[in-house]
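My questions will all concern the structure given below.
Only the coordinates and a few stated rules stand behind these numbers; no lab work does. This one's a predicted model, so the numbers in the text were calculated from it and none came from an experiment. Every residue, glycine as well, gets a Cβ built from its backbone with ideal geometry; the counts of neighbours run over all protein chains shown.
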Amino acid sequence: MEKRVPFQVMLDPEQHHQLGRVAARRGQSVGSLVRESVARYLADLPIDDDPLMGLIGLAADDGPRPYGDVATEHDRYLADAVAEESNRPASAPDAPAASKPRQRRRTTVASAS
């Protein structure tokens, strides 16, 4: 069985009564009916209401693009970044990574206000 978190909800007496009747008719508990309703509600949310969609565009992306579209030319960009960090020229898009552990670069993130 899945791990569940206790959660208390205050309902109007009529809502509680109707939920009880629907649950009895279906042969399930009020709790399972509420979980089903919450799952349907969350599944039907528009993509714009998804909190993860707020992450799009937060990173500064105003640098030069010598190879064109980052989505299609990502290997070249990564090869150049690895070469830059190890102070050697990039020989090819699939150049091997430096042998020493790399330090993470700090990325500037714009505020979402």
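With r as the distance between the Cβ atoms of M53 and A81 and R0 = 35 Å, compute the FRET efficiency 1/(1 + (r/R0)^6) and round to 0.05.
The formula returns an efficiency of 0.85 here.
Using the number of other C-beta atoms within 10 angstrom as an exposure proxy, rank Y41, Y77 with the fewest first.
The fewest-first ordering by Cβ neighbours comes to Y41, Y77.
In sequence order, what are the phi-derived ³J(HN,Hα) couplings for the stretch 12-27 according to the Karplus relation 6.51 cos²θ - 1.76 cosθ + 1.60 with θ = phi - 60°, rounded to whole Hz, with x for glycine and proline?
The phi angles translate into 5, x, 5, 4, 4, 4, 5, 4, x, 5, 5, 4, 5, 4, 8, x Hz.
Further question on the same structure: Give me the number: length gained by fully extending Q15 to D69, i.e. 0.36 nm times residue separation minus the C-alpha to C-alpha distance, one decimal in nm.
Details: separation 54, 0.36 × 54 = 19.44 nm, distance 5.35 nm.
Additional length available on full extension: 14.1 nm.
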